[in-house]
Amino acid sequence: MTEPKSLYERIGGADTIARLVAAFYPRVQAHPLLAPLFPEDITPVMEKQRLFLTQFFGGPPLYSQKHGHPMLRARHLPFPITPSRAQAWLSCMAEALDEVGITGPEREEMWGRLVITAHHMINTKEEAHDKE
Ligand code: HEM
């Protein structure tokens, strides 16, 4: 019997994840609420995200092999993640998913997981100047 294919395989595997990450970070760097949180040299962040999203969507556990348990919420605690920033992150990701052309049930499944995780990262109350 053949194993059911993972979400990672169904969207096209390593190539698709790499394209998604490449489409996402320029948007993050251009977003007024997100850009200030990220280092100028975004390359190491992109690489970690590529490893993470690979395993997050059911591919090989590349992130954990290199960096240990993701503990994503803990790793985000140094950064003030407000509801508006979570929303901004998700809007950049929606545009990246559009650019890469991920549609249909795979898009729905990815989106559901990303929304839950983004909301889980919120660790700071809204700041008045963040509201748009
Ligand atoms: C909710 C809004 C979010 C904001 C504002 C945010 C922001 C950040 C920032 C500032 C960093 C650190 C960059 C650095 O190394 O200096 C980071 C790292 C990272 N983020 Fe997020 N993030 C958010 C949501 C998410 C979500 C939903 C995921 C996964 C689906 C994610 C995955 C990661 C990963 C894997 C790293 C690298 C962690 C490491 O250091 O190993 N982030 N994020």
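The values are calculated or read from the model by the stated rules, or taken from the named source; none is laboratory data. Keep in mind that this is a model prediction, so the values were computed, not measured. Cβ sites come from the backbone with ideal geometry, for glycine too, and all protein chains shown count toward neighbours. For the accessible areas, the whole protein counts, side chains as well, though only heavy atoms, and no ligand, DNA or RNA atoms are used. Shrake-Rupley method; radii C 1.70, N 1.55, O 1.52, S 1.80 Å.
Within 8 Å of the ligand (Cβ to nearest atom) and among the β-branched types (Val, Ile, Thr): is that true of Val45 in this structure? Judged against the criteria, Val45 is a match. Among the residues of region 101-110, some residue qualifies, meaning at least one is out of contact with any Pro (no Cβ under 9 Å at 6 or more places or on another chain), within 12 Å of the ligand (Cβ to nearest atom) and either at negative phi or not in a helix (DSSP H, G or I) (or both). Selection of region 1-29 for residues being more than 26 Å from Gln87 (Cβ to Cβ) and either part of a loop (DSSP other than H, G, I, E, B) or of a type in the set (Lys, Arg) (or both) yields Met1, Thr2, Glu3, Pro4, Lys5, Ser6, Arg10, Gly12. Identify all residues within region 1-17 that are closer than 17 Å to Glu99 by Cβ and crowded, with 17+ Cβ neighbours inside 10 Å; write none if there are none. Within region 1-17, Ile11, Thr16, Ile17 meet the criteria. Of all residues in region 59-75, those satisfying the criterion of being assigned to a helix (DSSP H, G or I) and surrounded by fewer than 17 Cβ atoms within 10 Å (Cβ to Cβ) are Ser64, Gln65, Lys66, His67, Leu72, Arg73, Ala74, Arg75. Of all residues in region 30-53, none satisfies being assigned to a loop (DSSP other than H, G, I, E, B) and under 26 Å from Lys5 (Cβ atoms). A count restricted to region 76-89 and to residues that are within 6 Å of the ligand (Cβ to nearest atom) and assigned to a helix (DSSP H, G or I) stands at 4. From the list Phe52, Phe56, the lone residue that is open to solvent by 30 Å² or more (accessible area, probe 1.4 Å), within 15 Å of Thr16 (Cβ to Cβ) and under 11 Å from the mean Cα position of the chain (by Cα) is Phe56.
If you go through region 21-56 and keep only what is touching a residue at least 40 places away in the same chain (Cβ under 8 Å) and under 15 Å from Ala118 (Cβ atoms), you end up with Phe24, Arg27, Val28, His31, Leu33, Leu34, Leu37, Phe56.
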